[in-house]
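Asks: Handing you a structure now.
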Amino acid sequence: LGVGGGRILGPIFTELGFLPEVSSATSTVMVLFMSSATVCQFIIFGMIDLEYAAFFGFFGGVLGAIVGTKGAHSLLQRTGRPSFIVFFLAFILFGSGLLMVGTGSMTLMETGLGGFRPVCGRTGKAAQYD
């Protein structure tokens with residue numbers, strides 16, 4: 001299913017009649033488990049630096065979740081319209097899709113089809129094979 005599947009299921013759940021809060025929470029929990037499993041794989045294979053993972057995991061994940069939850073709660077209290085959550089999710093999905101196409105196209109034009117590489121370089125035992 002993956003992280004992208006969790007993001008896609010949010011609007012699908014809303015279309016199926018789930019409350020926007022329930023669909024957003026369900027897809028977010030799916031993203032949490034799938035992205036955690038992916039991070040564990042990167043750590044096991046030595047493809048990510050633990051300091052980077054801890055830093056971005058805390059500031060990007062934990063603090064971002066707190067700010068996002070507080071912001072969504074205050075928006076719902078002010079407006080009383082849960083449809084804003086759906087529009088926000090759709091905007092994020094559309095924007096991230098555009099960014100992926102844009103950065104992927106620029107990288108492809110610069111380097112060509114070079115295959116896959118680790119995000120932060122290899123560390124640990126895997127680095128000795130580079």
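The values are calculated or read from the model by the stated rules, or taken from the named source; none is laboratory data. Quick caveat, the model's predicted, so the values are computed rather than measured. Here the Cβ is made from the backbone with ideal geometry for all residues, glycine too, and neighbour counts use every protein chain on show. SASA here: full protein model, heavy atoms, side chains in, ligands and nucleic acids out. Shrake-Rupley method; radii C 1.70, N 1.55, O 1.52, S 1.80 Å.
Asks: Is it the case, given these coordinates, that MET34 is within 17 Å of the chain's Cα centre (by Cα) and among the aliphatic types (A, V, I, L, M)? Steps first, please.
Replies: Values: within 17 Å of the chain's Cα centre (by Cα): yes; among the aliphatic types (A, V, I, L, M): yes.
Against the criterion (within 17 Å of the chain's Cα centre (by Cα) and among the aliphatic types (A, V, I, L, M)), MET34 qualifies.
Asks: State the number of residues belonging to the stretch 1-30 that are among the aliphatic types (A, V, I, L, M), modelled with pLDDT of 80 or more and open to solvent by 50 Å² or more (accessible area, probe 1.4 Å).
Replies: If we filter the stretch 1-30 for residues that are among the aliphatic types (A, V, I, L, M), which is where we start, we get 1, 3, 8-9, 12, 16, 19, 22, 25, 29-30.
The next check asks that each one be modelled with pLDDT of 80 or more; those that pass are 12, 16, 19, 22, 25, 29-30.
Then keep just the ones that are open to solvent by 50 Å² or more (accessible area, probe 1.4 Å); that gives 12, 16, 19, 22, 25, 29.
So the count comes out to 6.
Asks: Follow-up question, since we're still on this one. Being polar (S, T, N, Q), open to solvent by less than 60 Å² (accessible area, probe 1.4 Å) and in a helix (DSSP H, G or I), is that true of even one residue in the stretch 68-77?
Replies: To start, the set of residues in the stretch 68-77 that are polar (S, T, N, Q) comprises 69, 74, 77.
Filter once more, so that each one left must be open to solvent by less than 60 Å² (accessible area, probe 1.4 Å): 74.
Add one more test, that the residue is in a helix (DSSP H, G or I), and what stays is 74.
For the stretch 68-77, residues polar (S, T, N, Q), open to solvent by less than 60 Å² (accessible area, probe 1.4 Å) and in a helix (DSSP H, G or I): present.
Asks: Additional query: Please go through the stretch 17-50 and give me each residue that is assigned to a loop (DSSP other than H, G, I, E, B), touching a Lys or Arg at 6+ places or on another chain (Cβ under 8 Å) and aliphatic (A, V, I, L, M), ordered by number. Quick ask: steps written out before the conclusion?
Replies: If we filter the stretch 17-50 for residues that are assigned to a loop (DSSP other than H, G, I, E, B), which is where we start, we get 17-19, 45-49.
Narrowing further to those that are touching a Lys or Arg at 6+ places or on another chain (Cβ under 8 Å): 46-47.
The answer is MET47, and nothing else.
Asks: Now for a separate question. Give the residue, chosen from GLY97, GLY57, that is modelled with pLDDT under 85, within 13 Å of the chain's Cα centre (by Cα) and assigned to a helix (DSSP H, G or I). Can you show your working first?
Replies: On the way: GLY97 fails: modelled with pLDDT under 85.
Within the list GLY97, GLY57, the selection yields GLY57.
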